[in-house]
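K.L.:
Let me give you the structure first, and then I'll get to my questions.
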Amino acid sequence: MKVLVLGGTSEARGLAALLAACSGVEAVMSLAGRTSAPAPQPIPVRVGGFGGAEGLAHYLDEQRIDVLVDATHPFAANISRNAEIAAAALDIPLVILSRLAWTRDPQDRWVEVPDMVAAAETLGQEPRRVFLAIGRLQLAAFRAAPQHFYLIRSIDPMKCDLPHYRVILARGPFDADAEERLLIDERIDVIIAKNSGAPAVFGKILAARRLGLPVVMVARPHRAAQAAHDPETALHLILHHGARHRLRAPAPRGV
Ligand code: NAP
């Protein structure tokens, strides 16, 4: 059974470890190539975009993939849309792996917003010290709020056109004690976070809870399709759908 895992998350890596241990399964991980030194993977890796839904469908067909797995970040909406289109076009099973979103604790001071533009608006006119824990792909929205200082955390060195910012280089997981120290040392007033649901980056949310700091929590893009929430459930679905797909698929070319 051939499986393509669209990755870039710790959940995808967890699933890859399970797939690597499965006999009769040949799995490949696909990464967008955003980070210069990605974390090592337990299965072979290919890097770079496919060229839209059409390019992805071509790859799936050419490689005779039996199951497509979308284990990308919940905010990576384009590749997820392409995965749905390509899998439907070829009638290949699509398994989605995505952590459940975090839910608010009574002690949390969250302002829940639908997108980054709304997140920038909630910061208000008064200059504030903002921890932008959203990666580097969606910073443009904060150009509309240039009066604030932004502390940006990124895996790779980066520059942006915000007037007041500083970059700290780090790769998760981040624990709550270290996050609390960072928030105090940097005199942070407010955090902007994506509701990824990932345990590796939950430390900042816990730290904000302890310090009574507000968190502007950006909601995930809406997704109609159902997802598995852990690698074990995703593996079960892959083996189930993959076996059914192989039963009705034509024999490999050249046989
Ligand atoms: P995106 O907007 O959905 O994707 C943009 C384009 O990048 C896609 O159309 C596709 O190009 C290519 N791409 C994305 N993921 C790919 C993958 N796994 N393998 C091959 N090509 C891929 O995604 P994004 O927000 O830029 O995120 C890029 C990657 O970083 C994702 O794989 C995601 O899992 C990871 N990531 C994202 C975030 C986030 O907050 N967005 C956080 C952590 C990790 P083509 O159309 O040419 O195929």
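K.L.:
Most mobile of VAL45, VAL201, VAL67 per a Gaussian network model of the chain (Cα springs, under 10 Å)?
P.N.:
Highest fluctuation of the listed residues: VAL45.
K.L.:
Relative contact order for the chain: what is it in percent, counting Cα pairs under 8 Å that are at least 6 residues apart? Let's see the in-between values first.
P.N.:
Details: 462 pairs, mean separation 55.1, N = 255.
Relative contact order, the chain: 22 percent.
K.L.:
Over the range 1-130, what percent of the accessible surface lies on carbon and sulfur atoms, probe 1.4 Å? Could the numbers behind the result be given before it?
P.N.:
Working: 3270 of 6370 Å².
In the range 1-130, the share of accessible area belonging to carbon and sulfur is 51 percent.
K.L.:
Related question: Show log10 I(q)/I(0) for the range 110-170 at q = 0.19, 0.23 Å⁻¹, two decimals, from a solvent-free Debye sum over equal Cα scatterers.
P.N.:
With one equal scatterer per Cα and no solvent, log10 I(q)/I(0) is -0.66, -0.96.
K.L.:
Moving to a separate point now. Classify the range 141-255 as rounded, prolate or oblate, taking a ≥ b ≥ c as the square roots of the eigenvalues of its Cα gyration tensor: rounded when a/c is under 1.5, otherwise prolate if a/b is larger than b/c and oblate if not.
P.N.:
Details: a/c = 2.87, a/b = 2.24, b/c = 1.28.
Prolate, because a/c is 1.5 or more and a/b exceeds b/c.
K.L.:
Where only protein heavy atoms count, and the probe is 1.4 Å, what is the accessible area per residue for the chain in Å²? If you can, show how the numbers build up before the last one.
P.N.:
Values: 13010 Å² over 255 residues.
For the chain, the solvent-accessible area averages 51 Å² per residue.
K.L.:
Here's a follow-up. Normalising by the residue count of the range 107-218, find the relative contact order in percent from Cα pairs under 8 Å and 6+ residues apart. Intermediate values should be presented prior to the final figure.
P.N.:
Values: 207 pairs, mean separation 39.4, N = 112.
Taking the mean separation of contacting Cα pairs over the length of the range 107-218, I get 35 percent.
K.L.:
Now for a separate question. With the full set of protein chains in place, find how many percent of the accessible area of the range 204-249 is carbon and sulfur; take the probe as 1.4 Å.
P.N.:
57
K.L.:
Right, here's the next one. With every protein chain kept in the model, how would you rank ASP61, ASP185, ASP108 by accessible area, 1.4 Å probe, largest at the top? List each step's numbers first, then the result.
P.N.:
On the way: ASP61 75, ASP185 115, ASP108 15 Å².
Ranked from most to least accessible, the order is ASP185, ASP61, ASP108.
K.L.:
Counting only protein chains, not ligands or nucleic acids, how are LYS2, LYS204, LYS159, LYS194 ordered by accessible area (probe 1.4 Å), most first? All intermediate terms of the calculation are to be shown ahead of the outcome.
P.N.:
Working: LYS2 55, LYS204 10, LYS159 180, LYS194 30 Å².
From most exposed to least exposed: LYS159, LYS2, LYS194, LYS204.
K.L.:
Relative contact order for the range 1-128 using alpha-carbon pairs under 8 Å, separation at least 6, rounded to a whole percent? Before the final figure, lay out each step's value.
P.N.:
Numbers: 171 pairs, mean separation 31.7, N = 128.
With pairs under 8 Å counted, the relative contact order is 25 percent.
K.L.:
Given Cα positions, please report Rg to Rh for the chain, the hydrodynamic radius being the Kirkwood one.
P.N.:
Details: Rg = 20.1 Å, Rh = 19.7 Å.
With Rg and the Kirkwood Rh in hand, the quotient comes to 1.02.
K.L.:
Find out how many positive minus negative residues lie around SER10, taking Lys and Arg as positive, Asp and Glu as negative, among other residues whose Cβ is under 14 Å from that of SER10. Let's see the in-between values first.
P.N.:
Numbers: positive: ARG13, ARG99, ARG171; negative: GLU11, ASP230.
Counting the neighbours of SER10, the net charge comes to +1.
K.L.:
With a 1.4 Å probe and all protein chains in place, put VAL117, VAL218 in order of accessible area, largest first.
P.N.:
On the way: VAL117 85, VAL218 5 Å².
Output order, biggest surface exposure first: VAL117, VAL218.
K.L.:
Something else about it: So which DSSP H runs in the chain come out at 18 Å plus along the axis (Cα) with average Kyte-Doolittle of at least 0.5? Working shown, then result.
P.N.:
Values: long enough: 77-90 (20 Å, 0.56); 231-248 (26 Å, -0.51).
Membrane-span-like by this rule: 77-90.
The values are calculated or read from the model by the stated rules, or taken from the named source; none is laboratory data. Computed from a predicted structure; not experimentally measured. Positions of Cβ are generated from backbone atoms using ideal geometry, with glycine treated the same way; all protein chains shown enter the neighbour counts. Areas reflect the complete protein model, heavy atoms only, side chains present, ligands, DNA and RNA absent. Shrake-Rupley method; radii C 1.70, N 1.55, O 1.52, S 1.80 Å.
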